[in-house]
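K.L.:
Have a look at the structure that comes next, please.
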Amino acid sequence: MMKNMTYLVLSAVALVFAAGTAYAGGSGNGFYVGAAAVGSGVVVDSGGNTDKLDGDSNFSGGIYAGYKHRIFKGMFVAGEAFYHDTSQDETFSDGDRLELDSQYGVKTHIGYEWDSWSVYGILGAAALDYEITQNGEQTSDDHFRALLGGGASYQYNEKISTNLEVTTCGDEISIAGDKNKTMGLVTLRLGVSYHF
């Protein structure tokens with residue numbers, strides 16, 4: 001886990017530094033930090049031998065920091081490191097169990113802005129650290145997985161903006177005789193950012 005955290009911090013620093021130096025001559029928005037309300041849910045699909053596991057919806061918080069820069073006219077790119085408290089630990093009536101740790105990672109936003117509004121796509125990598133028990137068998141993983149999503153933001157003034165994002169991250173698992181079952185984590189984030 002510590003190795004993954006070190007990798008995340010180094011990647012985030014490199015991503016933010018690269019975004020800043022690559023567009024240093026332009027008229028960008030610059031660095032920002034933020035805090036967010038985060039809603040999340042995790043689902044493991046059903047198999048021939050195992051039932052569907054539908055974790056509780058979780059409402060928590062998160063933090064993030066990044067660098068945003070306009071590329072050409074309304075087009076922009078941003079690099080961001082984030083942490084979302086998506087952790088949950090649930091035991092079902094049949095003894096099956098689903099445990100998920102908090103999500104953290106790095107992501108890139110590529111989008112378009114006009115007036116005070118912007119929309120963007122999200123591509124990144126996030127830690128997916130889980131443990132699943134079904135029919136007395138257990139599987140777990142703690143690797144980085146692809147993160148995909150989209151978002152929109154509104155800039156109130158030079159310093160304050162808000163954003164709404166939806167992201168998804170998942171994995172394929174094999175457990176209790178079922179191969180290539182899908183588990184997925186979906187997050188909905190409402191954030192408020194301060195721009196430097």
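K.L.:
When only alpha-carbon atoms are used, what values of Rg and Dmax, in angstrom, describe region 61-104?
P.N.:
Cα-based Rg and Dmax for region 61-104 come out at 18.0, 57 Å.
K.L.:
Next up: Order the following by accessible area, largest value first: D96, D56. Probe radius 1.4 Å; ligands, DNA and RNA are ignored.
P.N.:
D56, D96
K.L.:
Could you calculate the FRET efficiency of M75 with N49 from 1/(1 + (r/R0)^6), where r is the beta carbon distance between them and R0 is 41 Å, rounded to 0.05?
P.N.:
It comes out at approximately 0.25.
K.L.:
Once the whole set of protein chains is in place, how much accessible area is left on V106, using a 1.4 Å probe, in Å² to the nearest 10?
P.N.:
Number for this one is 30 Å².
K.L.:
Sticking with this structure for a sec: Given the Cα-Cα distance of T91 and A146 and 0.36 nm per residue of separation, how much length would full extension add, in nm?
P.N.:
Working it through step by step, the gained length comes to 17.1 nm.
K.L.:
May I pose another question? Once the Cα gyration tensor of region 29-195 is diagonalised, what are the square roots of 5 times its eigenvalues, in whole Å and ordered largest first, as equivalent ellipsoid semi-axes?
P.N.:
35, 15, 12
K.L.:
Turning to a different aspect of this structure: Please work out how much length the chain gains when fully extended from V166 to Y154, using 0.36 nm per residue of separation minus the C-alpha to C-alpha distance, in nm with one decimal.
P.N.:
2.8 nm
K.L.:
Which angle between 0 and 90 degrees, to the nearest 10, do you get for helix 2-22 versus the longest principal axis of the chain when only C-alpha atoms count?
P.N.:
Between the helix axis and the principal axis of the chain, the angle is about 30 degrees.
K.L.:
Let me ask another. Accessible area per residue for the chain in Å², computed with a 1.4 Å probe and the full protein assembly in place, what is it?
P.N.:
Value returned for the chain: 51 Å² of accessible area per residue.
K.L.:
Here is a further query. Leaving out ligands, DNA and RNA, and with a 1.4 Å probe, what % of the accessible surface on region 29-195 is carbon or sulfur?
P.N.:
55 percent
K.L.:
Next question. Given the protein chains as shown and a 1.4 Å probe, how many square angstrom of E131 are accessible, to the nearest 10?
P.N.:
50 Å²
K.L.:
Can I ask one more? Identify which of Y130, Y64, Y156 has the largest mean-square fluctuation in a Gaussian network model of the chain, with springs joining Cα atoms closer than 10 Å.
P.N.:
Y156
K.L.:
Sticking with this structure for a sec: Return the sequence-ordered ³J(HN,Hα) values of region 60-73 in whole Hz as given by the Karplus equation 6.51 cos²θ - 1.76 cosθ + 1.60 applied to θ = phi - 60°, using x for Gly and Pro.
P.N.:
For region 60-73, the Karplus curve yields 8, x, x, 9, 7, 8, x, 9, 10, 8, 6, 9, 8, 6 Hz.
K.L.:
Can you tell which of H109, T133, Q88 lies farthest toward the positive end of the dipole of region 88-174, using +1 and -1 charges on the Cβ of basic and acidic side chains (Lys, Arg; Asp, Glu)?
P.N.:
H109
K.L.:
What are the ³J(HN,Hα) couplings of region 188-196, residue after residue, when phi is run through the Karplus curve with 6.51, -1.76, 1.60 and θ = phi - 60°? Round to Hz, x for glycine and proline.
P.N.:
For region 188-196, the Karplus curve yields 10, 10, 10, x, 10, 10, 10, 9, 8 Hz.
K.L.:
Which value, in Å² and to the nearest 10, is the accessible area of H143 when all protein chains are kept and the probe is 1.4 Å?
P.N.:
100 Å²
K.L.:
Another one. Mind checking which aspartates and glutamates have their Cα closer than 15 Å to the Cα of K73? Skip sequence neighbours fewer than 8 apart in that chain.
P.N.:
Within the straight-line cut-off, K73 pairs with E113, D115.
The values are calculated or read from the model by the stated rules, or taken from the named source; none is laboratory data. This one's a predicted model, so the numbers in the text were calculated from it and none came from an experiment. Cβ: placed from backbone, ideal geometry, glycine included. Neighbour counts: every protein chain shown. Quick note on the areas: whole protein, heavy atoms, side chains included, nothing else; ligands and nucleic acids left out. Shrake-Rupley method; radii C 1.70, N 1.55, O 1.52, S 1.80 Å.
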